[in-house]
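The values are calculated or read from the model by the stated rules, or taken from the named source; none is laboratory data. None of these values were measured; they are calculated from a predicted model. Reconstructed Cβ throughout: ideal geometry from the backbone, glycine too, with neighbour counts over all protein chains shown.
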Amino acid sequence: MAEAMGVAGLALAIPGVVSTMVTLVQAMLSRFQDAQAFDSQLAKYQKIGINLSQGLMKTQLELAARAAANPKVSEGLKIALDDCFRDLADAVVVADKQLEQSFARSTGTAGNLRRTFAGKDIALENAFQHISAQQDRFLSLATYLHIVQSGSSTFALTLQEFRLHGRKEWLPISDISICGATEEREGRLQRNASETTEEPERRLQRDIQVIVEERDYHKNQKDDVERDIISLLQLLEKTLAPDQSGIPRCLGYQQHKRDDVFELIFEVPNPSHFQSLSHAINQKQTTKPLLPRRVEICKSLCAAVLSVHRSGLVHKNLRPRAILLSSTTSEKTRVYLTDWTRVRTIQSQSSRIGEHKWHRALYQHPRRMGVHVEHSYRCAHDIYSLGVCLLEILLWVPFVAVDSELNRIMGSDLKQLIGNLARQQELAERYLQDESTMTRNGDNVRAAYLELARTTLHGINSHASEAVIKCFDFAAAEHQSYEDDSSEEVVSKIVDDLNKASLEQTGQSNN
C-alpha cells in the first residue's frame, strides 16, 4: 500500500490517476480477507470498495476519464475532474489507514486472529463519510460532463419552451418571488375518449404562475454552480407525488439576462390562493386558526422536511418567509418549501457559510449563527429550524413581525425573553441595543424558545409542547454520528405528539 500511496502523489494524467485509484482500492479490500466477521461499518467499506474497483463506479470513472479527451470539454472542467479523481484517491488512502488502525485495535490478545469491531469507530466513520462525499462530487461532475458532450441539459429551459412574462413580484411579507409564465411542449390531443385516432403532434401551450429563485455566481464558478443546480434538480425529479411531498414541481432552470445569475423555476401549486406562512401569522385583523388547523399545518411542514431528507438533501433555509401555504376550496392547507439556493446533499462537504442577518439567524441552530460557524450543516440543524417554525405556528405569534412601514422587527415576547436572559447574565446594555446584537448569543435565543415551549405553549397543549421540545433535543445531540443524524425516527415521534395534540381536549374554543 505504501508504494501505491507514493504513486498517488505523482502528476499523472487523468487515466493514470484512475488506474492508480483502482489499485489503491484493491489494496484496501485485501485487508478484509482475514476478517472473520463484519459489522455494519466494515460491510459499508467493502461495498464501496467493490463498487470503486470493479462495479458501476469503476465504469463511470473510466468513462469520465475517456470523455475528458473530448475537445468540447473545457480546460476548467478537465482540471476539476483531475482534482476530483485525486481527492477521491487521497480519501481512499486515508480510509485504508483508518482500516489498518481499526483492525489493529480490534485484534485481541496474541494469537487471536478474529478481527471484528466492538462498537462504532468514529475515525473510521468519518473516513467513510469523506469517501462518500468525494463519490457524490464525482457523480455531479460526471453528470455535467455528459451534458457537455451531448450539448444540452433536460433541465435547461429554452425560449422555445418557456418564457417569463410581466414583472417578478414578492409575495407580501415573504422571500418568495412570483411571476407569470408561458410553457410550451410537444404533444398530441385525442378528439375524445372513445376515438383511437389522434391529431398530429403539435405544440401545447399553457399559462402558469411560477416561483423564481436566483442563484448568483462569480464568472469563474459558472460551471460548478450549474453542476450543483443540475444535481439538485435530478434529486428533486425523483421525489414522488410533488403535491404530497411539500416540494413544488421544478420546471428547470435558465440563464438570467445578466451573465452572473441562474434562475430556478418552480410551478406554483394550486394558484387560486397562496401566501407565505409569515404573512398568514402576521395578519392581525384575521382570527387565529383553531389549534387542530395549526397542528395540520405543522404536520404538513414535518412531511415536507422529511421529503427533503429522504431525497438525500439538507434544506438549510427553513423559515416562515420562505414557506408557501396553499389553500384549496375545502380549506385544507398544504405547505411547500421554497428557497432552494443553499440546498446540498447530506454527505457533501459543508462550506460552513453561516447566517449574519438577524431575521434569518433566528431560525438557525446556535452553532450555525454568525459569519463564522462552528459546525458543518447536518439534518439535525434542519430539525432545529423545524422546531422554531412549529413553535411559531402553534403559538401563531410572529417571531419576525413587521411594523407599519413593513420593516422587520423581533416579536415582543421573544425579544423580552432574550433580553431577560442577557440581563441575568449581566451582559452590557450594548448587547440589547437592537435585534442584531441580541441574536449574537445563539444559546440565549435557543433558551428563549425552550422557555416559550415549556410555559406558554405547554399552557395551550402539553403534547404540542413536547413536539417542539423534541426538535430542540434532537438538534442538541451535537456529537452524534452521521448514521444517528437521520431525521426519520424523530419526525415520526414529533408527528405522534402533534396527533395527540389534535385529540387532546383543552376546554378552550380557540387556543
Problem set entry | Elements of type helices (runs of 4 or more DSSP H) contained in region 1-94, each with 3 or more residues being touching a helix residue (DSSP H, G or I) at 6+ places or on another chain (Cβ under 6 Å) and either under 28 Å from VAL225 (Cα atoms) or at pLDDT 80 or above (or both) | 14-29, 40-54, 56-67
Exercise. Of all the residues that make up region 192-219, how many are modelled with pLDDT of 80 or more and either closer than 17 Å to TRP340 by Cβ or not in a strand (DSSP E or B) (or both)?
Worked result: 9
For this session: Select from region 374-421 the residues that are surrounded by fewer than 21 Cβ atoms within 10 Å (Cβ to Cβ) and touching a strand residue (DSSP E or B) at 6+ places or on another chain (Cβ under 6 Å) and write down the one among them that is farthest from CYS302 (Cα to Cα).
Result: ASP403
